[in-house]
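The structure under discussion appears below in the form of structure tokens.
The values are calculated or read from the model by the stated rules, or taken from the named source; none is laboratory data. All of these numbers come straight from a predicted model, not from anything done at the bench. Every residue, glycine among them, receives a Cβ derived from its backbone with ideal geometry; neighbour counts consider all protein chains shown. Heads up: the accessible areas ignore ligands, DNA and RNA and are worked out on the full protein's heavy atoms, side chains in. Shrake-Rupley method; radii C 1.70, N 1.55, O 1.52, S 1.80 Å.
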Amino acid sequence: MILAESPRRQRVTKLVNWGHWFALANIVIAIIIASVYVVSSPAPGTGLGTFYLFANWFGHIGFLTFFGFVIFILPLCYLDVSQRTIKTIASVLSALGLAVLAFDALLFNRTGFHLSHSAAHLLKSEAANQMHSVNWQQWLYLLLLFVIWLGFQLVLANAVWKRIDRLMTYRIGRPAVSFFVVCFVSGHAIHVWADAQLYQPIIKQDNMFPLSYPATAKTTMSRYGLLDIERYQQRKQLQFEPDIHTINYPAEPVYCAIDETQTAWLLVQTDQSDLHSAVKKADLREITQFFTPASSPDGLISSTLYGVPELYQQSLVNESPILLALAKAYNVSSQVYVEDMPFNEYDFPAIAFSEKLSSNKSLNIVFATGETISSLMNSQDVTQGLVLVASGYGTSRGSLYTNLPVTAKLASNEDLTPTLLNALGCGADVNFYSTGQNLLEPKRDWLVSTSGEKVIVIYGDQRIEVLSNGSYDITQISSDMRSDEALNVDLLSRAIKHLTRFKL
């Protein structure tokens, strides 16, 4: 005798089938949303790296979405409640989950980090800078967008429910599951190899997607003789490759006017002599948290004039600094003078260096000793104009002295050009031409630069030095002692994204 399924079992079976098709539809939507992560990150550059990108993209996002279905929606199918209630709850949960994914994708596109506990402070800081510009109409618009998105999920849930019998005849469940499983497994398997080989086109994708923890097996492989861990560590130390040969500088055309009647002095000290007496006499305010990460005279000059770290120096040899280009466009007399410093003038063919220091120019950029700078600050002509005096080259920390109304508490050489341009009346977006910021209206409480083969991140009382292979060292600035605090990966990711945004 053939026993028919009970009505409850039939209902549960239909709901489970509906849930799987509803999950598949949302997996496709999630993959489309996750394309924002892909377009926001540099291209892998190799065939294997591209294959891993797609395998990781489909496998990881598919796994996250299906895992959410199993945890939050599948149990609903076994509850003794109406199917309408189950579809409504599932639609709300799906709408919320995909909205969070979309928000995280936009956050990654803007800042380079994901939603996480360690990123909470940075997110709060970012939100504080934007909240004042969002009015109630924009909040209402965002709420309306979510209501529309929720409505779409409800329509999708009902459409799948009405067509579930027809959909079940297509029998694509097994191929779809096989595809996503193959993507997931092959992505992790490739990453195990890439991690052992330090294959950068794949390793650099580790933080691309949220909640991503790619598999590694160095310990297991070394245990079975498949990997020489000492040789691996040696190769790892040699992995730094700046790999910035072609850049987009400036990122956008810089259109702005500068005050032709104003006189400005940008003075950069090249030794460690004392400036306090001259500064006190000139009545300049001081920023004590000023850092000059440049590792060479050429790096000091390029980071100051171009407003970007020395990492970009070789790529900027034929580009004129924005500050000097604007001065030339508005017929503002200018000079760049370097005193007794062994720099290679041939590395700056687009810059005309002055052989002698003149006192009748409107824009003056001087790299000189403390004695020369003290003499200039004692000059009445200098103190009546805009003055920025940067010290600390060759030391771990220096000071910035100025008569401008600066509000920042943290600064570096990359901030000097944006600050001076804004003081001269240029309102162009700093992000178009510099990795620094305008110290008159700072937007960040951290800075990032490079020093030789290291990325330097300054945040709070921490100085983080990171090699491209992932090894790092954290120093407490106030005590100059090594810190055992955990690395803030979200901050580092955001900083490096900011650092390399001119790279093509």
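The table below gives the values:
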item	result
Residues of segment 300-316 that turn out to be open to solvent by less than 10 Å² (accessible area, probe 1.4 Å) and touching a Ser or Thr at 6+ places or on another chain (Cβ under 8 Å), as a count	10
Residue tally, condition open to solvent by 10 Å² or more (accessible area, probe 1.4 Å) and not polar (S, T, N, Q), over segment 418-437	8
Residue check, F63 open to solvent by 40 Å² or more (accessible area, probe 1.4 Å) and modelled with pLDDT of 90 or more	yes
Looking only at segment 318-340, and only at residues there that are surrounded by fewer than 17 Cβ atoms within 10 Å (Cβ to Cβ) and more than 31 Å from the chain's Cα centre (by Cα), the one that is modelled with the lowest pLDDT	D340
Selection within segment 93-118 - assigned to a helix (DSSP H, G or I) and farther than 21 Å from W149 by Cβ	T111
Which listed residue is outside any helix (DSSP H, G or I) and aliphatic (A, V, I, L, M), from V81, V16	V81
Count of segment 75-100 residues which are within 37 Å of the chain's Cα centre (by Cα) and closer than 24 Å to R9 by Cα	3
Residue in segment 257-277 that is loosely packed, with under 15 Cβ neighbours inside 10 Å, within 25 Å of L300 (Cα to Cα) and at pLDDT below 85 present	yes
Filtered residue count, segment 465-494, keeping only those that are crowded, with 17+ Cβ neighbours inside 10 Å and within 22 Å of G45 (Cβ to Cβ)	5
Positions within segment 178-202 being β-branched (V, I, T) and modelled with pLDDT of 90 or more, in sequence order	V181, V182, V185, I190
Filter pass, A428 being in contact with a Cys (Cβ under 8 Å, 6 or more places away or on another chain) and touching a residue at least 24 places away in the same chain (Cβ under 8 Å)	yes
Qualifying residue in segment 97-113 (condition: polar (S, T, N, Q), open to solvent by 70 Å² or more (accessible area, probe 1.4 Å) and touching a helix residue (DSSP H, G or I) at 6+ places or on another chain (Cβ under 9 Å))	yes
Matching residues in segment 168-209 - criterion: being polar (S, T, N, Q) and either closer than 12 Å to G49 by Cβ or open to solvent by 40 Å² or more (accessible area, probe 1.4 Å) (or both)	T169, S178, Q197, Q200, Q205, N207
Any hit, segment 415-428, residues being of a type in the set (V, I, T) and touching an Asp or Glu at 6+ places or on another chain (Cβ under 9 Å)	no
Index of the failed condition, T288 passing every other in (1) at pLDDT 90 or above; (2) in a helix (DSSP H, G or I)	(2)
Any pair with Cβ under 8 angstrom, 6 or more apart, that starts in segment 245-264 at a residue that is more than 16 Å from G307 (Cα to Cα) and small (G, A, S) and ends at one that is part of a loop (DSSP other than H, G, I, E, B) and open to solvent by 40 Å² or more (accessible area, probe 1.4 Å)	A257/Y330; A257/G425
Residue match in segment 343-362 (condition: under 24 Å from N438 (Cα atoms), of a type outside the set (S, T, N, Q) and not in a loop (DSSP other than H, G, I, E, B))	no
Qualifying residue in segment 406-424 (condition: modelled with pLDDT of 90 or more, of a type in the set (K, R) and part of a loop (DSSP other than H, G, I, E, B))	yes
In segment 438-464, residue modelled with the highest pLDDT [restricted to those that are of a type outside the set (F, W, Y), open to solvent by 40 Å² or more (accessible area, probe 1.4 Å) and assigned to a strand (DSSP E or B)]	R463
Total residues in segment 364-417, condition surrounded by 21 or more Cβ atoms within 10 Å (Cβ to Cβ) and among the acidic types (D, E)	2
